[in-house]
Structures are given as structure tokens and as C-alpha cells.
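Beneath this line is the structure, given in C-alpha cells, with notes to follow.
Quick note: the coordinates plus some simple rules give every number you see, no bench work behind them. Model, not experiment: these values are computed from the prediction. Because the Cβ atoms are built from the backbone with ideal geometry, glycine has one as well, and the counts that use them run over all protein chains shown.
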């Protein structure tokens, strides 16, 4: 009888120890988020304004997020990126239609033209981004140029849902990553 009680106590201890370990591991994983991402979906901003122009926009995929890169012909400019109900064209205020469950407005604090007024990134407001094909992306659904007016350029990005994102600068480009999941 003593052996049965001892064996039962050991088994219960092992069972609760394992459950406790699983619960603690689950809590640690929950605080890290998907792929360890803890970015959030609040607005992201940085300075300064720049007179160097936007020259290219390209996209790429990662195991945990989709990426958009805004290339400049000088040091990376500031930005203002946030979720909005709709994206409107700079200057005209025309609605820029975007597919997706949520919309990110990306304002690059730099023009898409040089100081003489010649375009450095040629696209009209509302047009799709040249060379950007979002077929097969897990998060990105649609991307459109929303214009360049008074020294800033706006891009609308339709995404699957309101998901965490981050924005950062690297030398001559601004990088936006949007996570696949929370």
C-alpha cells in the first residue's frame, strides 16, 4: 500500500510538473508573439524631411512578414506610417481604392521628383506600383501610389488584416515589414 501511494505521488508530481512547464512555456511564447514579433500596430514616425527623391519601391517576402522597401537617391528620409480607413491622393484628395482587410498609409517625407521638378519615381496618383507584383504574398494585398505633393510622397498598402508592423531606415532606404500574424 505504501508503494502504491509513493508511486501515485510520484506520478502526480511528474504530471503537475509537466503541465506547469507547458503552461509557463505557453505564457512565454504568448508574450513574444508570432515569430517573436512584438511590434504592435500603432503609428510609426521618424524625421527628417529630405529633398532627395524617392527612386524605387520594391517588395519581398520573409518567413514571418512581407517587406516593402522605399529606395531614395540620398540618405533615407523620415516617414509617417499608420492604419487608416482610406488612403487619399496627395493634392487632389481623390480616394485611392485598395484591396485588403486593412489599409496602411505610408508617407515618405521626401518628394518623387528632383529639385528641378523632374520625376525620380514616375507614377500617377492611384496607379499601381511599377515592377511590384503582390501575387503570392501572405499579408500584402494591394499597393498604389497616392502621389507626391509639397515635398512628401504617399503610398497606400492594402494588407490582409490590421497586423503588427515596423518601419526603419537603412542608409538610402526606408523599410516597412508587416507581420503575417499577431
Consider a paramagnetic label point 7 Å from the Cα of residue 162 along Cα→Cβ; state which residues of segment 76-97 have an amide N under 14 Å from it.
82-86
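With r defined as the distance between the Cβ atoms of residue 171 and residue 150 and R0 fixed at 22 Å, what FRET efficiency is calculated, to the nearest 0.05? Kindly include the intermediate steps, with their values, before the conclusion.
Values: r = 25 Å, r/R0 = 1.15.
So, using R0 = 22 Å, E works out to roughly 0.30.
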Test of understanding: what is the full-extension gain from residue 133 to residue 82, defined as 0.36 nm times their sequence separation minus their Cα-Cα distance?
16.1 nm
Kindly put 112, 99 in sequence by how many other C-beta atoms sit within 10 Å of each C-beta, fewest to most.
99, 112
Among 126-135, 82-91, 63-72, how do they line up from the highest to the lowest mean number of other beta-carbon atoms within 10 Å?
63-72, 82-91, 126-135
Translational diffusion coefficient (Stokes-Einstein; Kirkwood radius from C-alpha pairs) of segment 44-179 at 4 °C, 1.567 mPa s, in µm²/s
89 µm²/s
Name the residues of segment 141-182 whose amide N is less than 11 Å from a point 7 angstrom out from the Cα of residue 34 along the C-beta direction?
160-165, 178-182
